[in-house]
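Read through the structure below, which is laid out as structure tokens, and then see the notes.
The values are calculated or read from the model by the stated rules, or taken from the named source; none is laboratory data. Treat the numbers as computed from the prediction; the structure is a model and nothing was measured. No Cβ is skipped: glycine too gets one built from the backbone with ideal geometry, and neighbour counts run over all protein chains shown. For accessibility, only protein heavy atoms count, side chains too; no ligands or nucleic acids. Shrake-Rupley method; radii C 1.70, N 1.55, O 1.52, S 1.80 Å.
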Amino acid sequence: MIDVISFLPAKRKQTASGWISFNAPCCVHRGDTQDKRQRGGIKPGTDGSWSYHCFNCGFTASFVLGRNVTFKARKLLEWMNVPQEEIERINLESLKHKSIEGLLGERQAIVNHLQNIGFEDRDLPADTQPLSATGQAYLNSRKLPLDYPFLYKTMPRPGIVVPFTHDNQVVGHTTRFLDDRTPKYIQDIQPGYVFGTDLQNANWQYAIVVEGVFDALSINGLAVLHADVNDAQARLIRNLGRDVVVVPDQDEPGMRLVDRAVELGWSVSMPEWPADVKDVNDAVIHWGRLATLITILQARETSRIKIELRKKQLVKRLRT
Ligand SMILES: [Zn+2]
């Protein structure tokens, strides 16, 4: 058993949201001052996996049982004075737990590597906090799953930080500000990135492609993060080997996404939603996750002609 907690400093505290916090060992190695306010947080999983986030300097690292200890996880363990032999032991122990899913994941990783799909590890913004009550209330009002590792930020404006992951490593983020000022979002996004690959279950037949990160989180879909699919994103989505269903926002830019989906030969779903329901997240707020998924699959069209007809109908409605 790999027990990361045994390596943590004795001075630590457990928070209600599942974080164990202690003085962050990362900051001094990254040109920041020594943390004295217990701003390092580790969130252990049930099987020995864990993720670390520094609420001071923004450093992140995670460990998934069955996989190699990543470069950043190694760094963190070193900074916690875990001896090199011990890190190697953890690595070997972890690989003993390599599952079928892990092997499939590895094969996928090789395929992705050959096709040049890959993302750099990134840190999250400095000065984030665990999700606040305001943040939780906002996520609840949008019926978003609270088990996603959201963070919160108050400076310069209050907002929810959504980490972007790929292969369970942090590769970017978006911040959704909660006041009414613009911009509503700021993002750190790498070219060709698609949000939500880590939300997909190995045995699902469909991958549902939407525009926004909250739409994707509402139904475990994939988000292309704008009303277009660039070539690198198309490659990544194809590599998942699923039946792709594109669900555009029901607005003018969304109709451009329809054209692109047809070009790529993917199916499109434009359910008959009332005028105040513009996207998947709106639908989930109205009818819940399951009912929304059913309407999406029922309205799924593969025929180019039927997609065009449905698009014309929608465009007409948007112009009245
Ligand atoms: Zn730090």
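What to note about this one:
- Asp215 vs. criteria open to solvent by 40 Å² or more (accessible area, probe 1.4 Å), under 23 Å from Arg289 (Cα atoms), touching a strand residue (DSSP E or B) at 6+ places or on another chain (Cβ under 8 Å) and not β-branched (Val, Ile, Thr): no
- Residue match in region 193-202 (condition: more than 10 Å from the chain's Cα centre (by Cα), open to solvent by 40 Å² or more (accessible area, probe 1.4 Å) and not aromatic (Phe, Trp, Tyr)): yes
- Pair list, Cβ < 6 Å and 6+ apart or interchain, from region 24-35 residues that are over 13 Å from Lys72 (Cβ atoms) to residues that are among the charged types (D, E, K, R): Ala24/Asp35; Ala24/Arg39; Cys27/Asp35
- Meets criteria (open to solvent by less than 30 Å² (accessible area, probe 1.4 Å), in contact (Cβ under 8 Å) with a residue 60 or more places away in the chain and not polar (S, T, N, Q)) for Val262: no
- Residue match in region 72-79 (condition: among the aliphatic types (A, V, I, L, M), in a loop (DSSP other than H, G, I, E, B) and touching a strand residue (DSSP E or B) at 6+ places or on another chain (Cβ under 8 Å)): no
- Residue within region 97-106 that is part of a loop (DSSP other than H, G, I, E, B) and at pLDDT 90 or above present: no
- Counting only helices (runs of 4 or more DSSP H) wholly contained in region 248-320, the ones carrying 1 or more residues that are under 24 Å from the mean Cα position of the chain (by Cα) and small (Gly, Ala, Ser) occupy 252-263, 280-287, 289-298.
- Qualifying residues in region 30-63 (those that are within 27 Å of the chain's Cα centre (by Cα) and more than 20 Å from Ser17 (Cα to Cα)) - the one surrounded by the fewest Cβ atoms within 10 Å (Cβ to Cβ): Arg30
Conditions (1) farther than 21 Å from Phe195 by Cβ; (2) surrounded by 18 or more Cβ atoms within 10 Å (Cβ to Cβ), marked per residue:
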position: Leu225; (1), (2): no, yes
position: Arg238; (1), (2): no, no
position: Met270; (1), (2): yes, yes
position: Ile296; (1), (2): no, yes
position: Ser303; (1), (2): yes, no
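- Selection of first residues in region 182-203 that are in contact (Cβ under 8 Å) with a residue 40 or more places away in the chain and of second residues that are open to solvent by 70 Å² or more (accessible area, probe 1.4 Å), restricted to Cβ pairs under 7 Å at least 6 apart or on distinct chains, gives the following pairs, ordered by first then second residue: Gln190/Glu120; Ala202/Glu101; Ala202/Leu104.
- Residue within region 26-35 that is in a loop (DSSP other than H, G, I, E, B) and among the charged types (D, E, K, R) present: yes
- Segments classed as strands (runs of 3 or more DSSP E), wholly inside region 119-232, with at least 2 members that are over 20 Å from Val280 (Cβ atoms) and aliphatic (A, V, I, L, M): 169-177
- Residues in region 78-91 that are surrounded by 14 or more Cβ atoms within 10 Å (Cβ to Cβ) and among the basic types (Lys, Arg): 0 in all.
Okay, residues lined up against (1) away from the ligand (no atom under 16 Å from the Cβ); (2) among the aliphatic types (A, V, I, L, M):
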{"site": "Ile5", "(1), (2)": "yes, yes"}
{"site": "Leu8", "(1), (2)": "no, yes"}
{"site": "Trp19", "(1), (2)": "no, no"}
{"site": "Asn23", "(1), (2)": "no, no"}
{"site": "Gly48", "(1), (2)": "yes, no"}
{"site": "Phe55", "(1), (2)": "no, no"}
{"site": "Ser62", "(1), (2)": "no, no"}
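Residues are listed down the side, and each one gets a yes or a no for (1) within 24 Å of Gly221 (Cα to Cα); (2) surrounded by 12 or more Cβ atoms within 10 Å (Cβ to Cβ); (3) at pLDDT 80 or above:
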{"residue": "Leu76", "(1), (2), (3)": "no, yes, yes"}
{"residue": "Ile117", "(1), (2), (3)": "yes, yes, no"}
{"residue": "Thr128", "(1), (2), (3)": "no, yes, yes"}
{"residue": "Met155", "(1), (2), (3)": "no, no, yes"}
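- Boolean, Ser94 is hydroxyl-bearing (Ser, Thr, Tyr), open to solvent by 40 Å² or more (accessible area, probe 1.4 Å) and touching a residue at least 60 places away in the same chain (Cβ under 8 Å): no
- Residues that are closer than 21 Å to Val82 by Cβ and polar (S, T, N, Q) were ranked within region 25-38; the one that is nearest to the ligand (Cβ to nearest atom) is Gln34.
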